There are 2 protein chains.
Amino acid sequence: MPKRPTIIDVAEYAGVSKSTVSRVISGGSVRETTRRRVMTAIEALGYEHNAIASSMRTNRTNIIMLAIPDITNPFWPDVARGVQDVMDDAGYAVVFANSDWRGSREKMFLRMAQRNRFDGILINPIQVTATELDETHLPTVLIGSRTDYPGFDSVGSHSYDGTQQALKHLFSLGHRRIGLIQGKRVNRPGASRMKSYLDFLDEHSLPRDDTLIVEYPFDQRGGYQGAIDLLTLPVPPTAILAANDILAMGALQAAHDMGFAVPGDVSIVGQDDIFAAKITVPPLTTVAKPKYEIGTQAATVLLARINGETDRQWQQHLFPCRLKIRGSTAPPRE
Amino acid sequence: MPKRPTIIDVAEYAGVSKSTVSRVISGGSVRETTRRRVMTAIEALGYEHNAIASSMRTNRTNIIMLAIPDITNPFWPDVARGVQDVMDDAGYAVVFANSDWRGSREKMFLRMAQRNRFDGILINPIQVTATELDETHLPTVLIGSRTDYPGFDSVGSHSYDGTQQALKHLFSLGHRRIGLIQGKRVNRPGASRMKSYLDFLDEHSLPRDDTLIVEYPFDQRGGYQGAIDLLTLPVPPTAILAANDILAMGALQAAHDMGFAVPGDVSIVGQDDIFAAKITVPPLTTVAKPKYEIGTQAATVLLARINGETDRQWQQHLFPCRLKIRGSTAPPRE
DNA sequence: TCAACAAATGGGAACGTTCCCATTATAACA
DNA sequence: TGTTATAATGGGAACGTTCCCATTTGTTGA
C-alpha cells in the first residue's frame, strides 16, 4: 500500500512550501494562481487532509459527544437528529454514547471524551455529578430540565408545566383520582413531574394518596406493571398519568388486558408525543415536547460555548410543552 | 488555565523516562515497582492520556462510523445499540451519520471518515458505489442484504425469504390478491423484496398486476398514501404487504380511516417488527428481523477486519427472518 | 523609477505520543 | 564469581499538521 501523500508531497508537486499548502487548505490568504496550482496538485496526488495531525496542533477535533441513556427509547432519536443536523452543518462529527442508565458507563464515556479531546459534550445526566462534569474541562450542555446542575447550560422542556397541563385537562374532565406512573431513575426521581403532581393535588385540595404513585423502569413492561398495580387498587384511579409515552403505552396494554376500556373506564395520558402515540388505539393523549428542537437548540448552545461566542453565565433553555388531546382521555364514568 | 500535563511531566515526576511512562500506559513490560511509581505520578498530576497524539503515531483512532439513512426510523436504534454494545467493549467510539437518504450527505460522511482517519465504517448504503467505498481505503462492512456490492462484507437479514414467509402465510389464509407497498429508494428498488414478491406470484400462478404494486417514501405518510391507492382500486386487494412496519402502520391508519376493517376487510403485514408493531390495534403481523443481532454481528465482523484477524474473502452474513403472526391478518371475507 | 508599504510565501519549531535501537540492570547458570 | 542471556529502561527520531516570524515578491503613489 502506497504511503498517503502529505502536504509536503503536495508542496513539492506544486512547487511551493508546505506553509502555503496549509494556507490553501485552511483558507488563508494566497494568490489565486498559486491556490489553483496547489489545488491541482491536491487533485493529482489524491491528497486527503489529515484531521488527526491538524487536531494535534490546534487542539480541536471537531467531534462532540452525545451521551444519553438509551437510543432505543423513541424520544432520543428525534433529539439526536436535531443535534446532528446542526452539528453536520458546523462540520462536527457526533459520537453517540448510551449509558444504559448505568453511572459507570457514563463515567467511562466522559473519560473517553477527555482522552479523545472531543470539543464538547451534550449529556442527559444519569448519575454523574456537577463536579465530575466540571472536571472534564470540556464545554458541556445538559439536555433535560435539570436544576440540580448549577453552572451548566441546559436545554429541555418545561415538564413541570406540561404535567400541570395534563392534570388540568384531566381535572376539567372531572377526574379526581389520578394515578401517576413514574419512571424509575437510578439515583433521583423525575423531580419536576413529581413536584408538579403533588403541587396540583394540593392546589385543588385533592388528597395525597401514596398508593396512587408507582415507580417502574422506563420501558413498556414498566408501564404495564404500573397500570396493573393501579388498576387493582380497591378504589382504582379514573385516570393515569405516565411519565412518558412508552410507560403510557404499557399502561394502555395493561388496561386492555384487564378489561378496562380506555377512555371509558380509565383515561391515560403520556408524555413526549413519540411517533407511535398517534397510532395506538385509542390514540394517546400526551404532553408533546419539541424533541427535534431540543436537539438543535442544545447543539447550538454548545457550539456557541465551544467558540466562546458567549460570555454569558450558564442559562436554562426551556421549551414549552403542548398538550395533545387525543382519544385516550374522556370524562370518568358516572 | 494550566497546561495539561504530558507523559514528559509524568516521567520527570516519577523519575523515569517518557518511554517508560508510555509503556506503563500501553501495557508494555515494566517492573512492578516502577509501574507503581508512574501510576502515582499520573494520579498526582492528573494526567490524561492524549488519544490524538497517540493516533498520530499509531494511525489508529479507535473510532468508527455508523452511516445510516435515518436514526428516526425505529429499525435503526436497535441496530445502533447492537453496534455500540460491541464497540464499547472493544474500546471504540461510534460516530453516527444520518444520510437522510441523500447521496451527497453520504459522500460527505465518507470524506469525514477519511479525514478523521476513522478505523472503519459500517454503512447501509444509499447511493454510494462500491468503487467509492473502496476508495476510502477503510475497512467497511455493509448493513443490509445487498448483493450489489461484491468485495464487501455484509450483515443483514434474509429478506427474500422473509417476504416469502409473509406471502405464504397470506396465501394459506386464502388471499389471492395481495398488494405490495414498496419503500421508495433514491436510486434502486428494494430489490430482494420485489423479486420475492414476483417470484411468489409466478410460483403460485397468480397474475402479475402492476396496479397492486405502489411505491412511496419510507414513512408513515407513504404507507398511508399507498394503502389509499390500493384500497381505491376497482378491485382492491384483500391483503397488503408493506416493505416495513412504518409503512404498514400508515396503511393500517388509512384502512381505518377509509372504513376498511383490519383484518376483516383487508389483512396487513409489515416487516421489521419494531417495538410499536406490538401495540397497534390490531397488533401487526410482521416479518421480524433480529435488529440488535445485526448490529452486534456487523460490529464484530468490522472489528475482525480492522484487526486483520480474517484473511477470508468478503462474506455475506444473513440472519433468518421470523414471521410473527398477530392480529392484522385473517382469512379474506367470503 | 524608486521608495515605502502591504501582501504572499518560506523555514523551522512545536504539538504529545510511539517505536526503534542502544544501553544498562537483573537473573540464571556453570 | 564471572559470563551470558534476558528483561527493563532511556534517548531520539518520526508522525503531519499549524503557527510564528523572517524574507521575498508585488503594488501603489509621489
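The values are calculated or read from the model by the stated rules, or taken from the named source; none is laboratory data. Everything numeric here is computed off the predicted structure, so don't read it as measured data. Note that we place each Cβ from the backbone using ideal geometry, even for glycine, and neighbour counts take in every protein chain shown. Protein only, heavy atoms only, side chains kept; ligands, DNA and RNA dropped before computing areas. Shrake-Rupley method; radii C 1.70, N 1.55, O 1.52, S 1.80 Å.
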State all residues of the range B:276-319 that are touching a strand residue (DSSP E or B) at 6+ places or on another chain (Cβ under 7 Å), more than 30 Å from B:R117 (Cβ to Cβ) and part of a loop (DSSP other than H, G, I, E, B); if no residue qualifies, say none.
B:L284, B:K289, B:P290
Would you be able to say whether some residue in the range B:51-69 is touching a residue at least 60 places away in the same chain (Cβ under 8 Å), of a type outside the set (F, W, Y) and facing chain A (nearest Cβ under 9 Å)?
yes
How many residues are near DNA strand C (Cβ under 7 Å from one of its atoms) and either within 14 Å of another protein chain (Cβ to nearest Cβ) or under 14 Å from A:G46 (Cα atoms) (or both) when one looks only at the range A:12-25?
0
Can you name the residue in the range A:82-106 that is more than 9 Å from chain B (Cβ to nearest Cβ) and touching a helix residue (DSSP H, G or I) at 6+ places or on another chain (Cβ under 7 Å) and is also farthest from B:A67 (Cα to Cα) among such residues?
A:S99
Output the number of residues of the range B:113-132 satisfying the condition of being under 21 Å from B:Q316 (Cα atoms) and either more than 13 Å from chain A (Cβ to nearest Cβ) or basic (K, R) (or both).
11
If a residue must be assigned to a loop (DSSP other than H, G, I, E, B) and of a type in the set (D, E), how many such residues does the range B:153-186 contain?
0
What number of residues within the range B:268-302 satisfy the criterion of being under 27 Å from B:W314 (Cβ atoms), within 14 Å of chain A (Cβ to nearest Cβ) and of a type in the set (S, T, N, Q)?
1
Matching option when the condition is in contact with a Gly (Cβ under 9 Å, 6 or more places away or on another chain), away from DNA strand D (no atom under 14 Å from the Cβ) and of a type in the set (A, V, I, L, M), among B:V86, B:V94
B:V86
Test for A:T72: is it assigned to a loop (DSSP other than H, G, I, E, B) and in contact with a Pro (Cβ under 8 Å, 6 or more places away or on another chain):
yes
Options B:A242, B:A261: the member that is closer than 30 Å to A:D257 by Cα, in the same structural domain as B:F200 (by TED's automatic domain parsing), surrounded by 24 or more Cβ atoms within 10 Å (Cβ to Cβ) and of a type in the set (G, A, S):
B:A242
Set B:I63, B:I52: member being among the hydrophobic types (A, V, I, L, M, F, W, C), near DNA strand C (Cβ under 9 Å from one of its atoms) and modelled with pLDDT of 95 or more:
B:I52
When every residue in the range A:1-16 that is under 22 Å from B:M56 (Cα atoms) and not in a helix (DSSP H, G or I) is compared, the one most open to solvent (accessible area, probe 1.4 Å) is A:M1
Tell me whether the range B:26-43 contains one or more residues that are surrounded by 15 or more Cβ atoms within 10 Å (Cβ to Cβ), near DNA strand D (Cβ under 9 Å from one of its atoms), within 14 Å of another protein chain (Cβ to nearest Cβ) and not in a loop (DSSP other than H, G, I, E, B).
no
Which residues, taken from the range B:296-334, are closer than 30 Å to B:F171 by Cβ and under 23 Å from the mean Cα position of the chain (by Cα)?
B:Q316, B:H317, B:L318, B:F319, B:P320, B:C321, B:R322, B:L323, B:K324
Filtering the range B:44-66 for residues that are among the basic types (K, R) and assigned to a helix (DSSP H, G or I) leaves a count of 1
Residue selected from the range A:145-159 under the condition at pLDDT below 90 and open to solvent by 20 Å² or more (accessible area, probe 1.4 Å), by the criterion nearest to the chain's Cα centre (by Cα):
A:S145
